[in-house]
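Data block below; observations after.
The values are calculated or read from the model by the stated rules, or taken from the named source; none is laboratory data. Nothing here was measured: the structure is a model prediction, and the numbers come from that model. Please note: Cβ atoms are built from the backbone with ideal geometry, for glycine as well, and neighbour counts cover all protein chains shown. Note: areas computed on protein heavy atoms with side chains; ligands, DNA, RNA excluded. Shrake-Rupley method; radii C 1.70, N 1.55, O 1.52, S 1.80 Å.
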Amino acid sequence: LIDERAGKLGPIEQKHGVDIVLKLMDYDPCITSYTKGSVDAVCIANFDQLKPSLARKSTAFLPTSTSDGADGLLAVGVEKVEDLKGKETHGLEKSVSQYVFYRGLEKKGLNPADFKFTMLDPGAAAKAMQTGDASSKVKSIFVWNPFLLQTQRVRKDAKLLFDSTLIPNEVIDLVVIGSDVLKKPKGQDFARAVTDTYYELNKQLADPSQADEVTTQIGAKFSNLGLDDMKIVLKQTKFFGTAEQGRKLFESKEFKDKMETVMKTAVALEVFDQNEKPPTVGFNEPE
């Protein structure tokens with residue numbers, strides 16, 4: 001739908017008179033690039049957007065999906081979550097991974113302070129578990145897809161202790177744009193083009209004649225998972241596939257209440273420095 005080469009416009013770009021350049025990066029570098037202003041917009045989870053918004057005033061204009069099992073706790077050598085007390089769980093610290101880990105423990109009636117979360121890039125954490133032997137220090141990881149499903153496929157002895165289904169609609173994936181970009185000429189047209197592209201993709205996924213081919217193409221970009229596994233990935237990531245669904249989410253009381261929970265948890269996880277005041281989350285009438 002969007003040609004990655006700058007200057008060659010696809011039909012949606014032509015409709016809105018914009019030229020979108022898609023930059024593919026790992027998740028953490030994406031956040032860094034957006035925070036520094038190297039890109040105009042970023043695909044990011046609601047929890048992970050809180051910290052960057054302190055440095056760059058931001059507007060979430062497109063909710064894309066919610067995690068419904070796409071983030072999970074995998075461990076080897078243990079049978080239940082309580083067995084991890086005092087032991088290290090590896091994942092991306094102060095990110096959505098630690099958020100779901102923390103909230104999942106709360107939902108299970110456990111004290112998150114009794115559990116250790118150790119910083120390790122999700123790709124490295126997954127690889128360490130996939131290739132590790134009995135001597136490996138990485139016995140527990142909290143990661144998202146495709147790392148979650150890939151590790152389950154490789155390490156048959158890895159046990160899924162819990163996942164994001166414990167906290168429905170708390171992890172919301174968004175497209176976020178710098179508020180300054182919206183004020184620039186064609187800024188809102190850029191946002192509209194991205195939105196049109198996303199909904200067009202969802203139309204293709206809903207079309208039986210195209211769904212498998214499109215899913216396979218996504219898998220080739222996303223991971224080395226085949227079609228069957230990608231169908232599981234898409235099931236564990238529920239899309240807000242129409243404008244009506246996206247607007248309904250943004251306008252719902254549930255979403256606003258969930259964002260309060262997200263903010264409180266961010267403070268508990270010390271996402272913000274001591275001299276930083278947590279950002280104010282506001283809700284504007286969508287255009």
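Of note:
- Charge context of T216, other residues only, Cβ under 12 angstrom, K/R +1, D/E -1: -2
- For the chain, with all protein chains in place and a probe radius of 1.4 Å, 51% of the accessible heavy-atom surface sits on carbon or sulfur.
- For the range 50-183, accessible area per residue (1.4 Å probe, heavy atoms of protein chains only), Å²: 41 Å²
- Every helix of 4 or more DSSP H residues in the chain counts as -39500 (n - 2.57), and over all residues that averages to -12500 deg cm²/dmol at 222 nm.
- Gained length - E270 relative to A113, 0.36 nm times residue gap less alpha-carbon distance: 55.2 nm
- Pairs with C-alpha atoms separated by more than 28 Å, drawn from the list K36/K183; K36/K137; K94/K253, are K36/K137.
- Cα shape, the range 164-258, gyration tensor, a/c 1.5 rule: oblate
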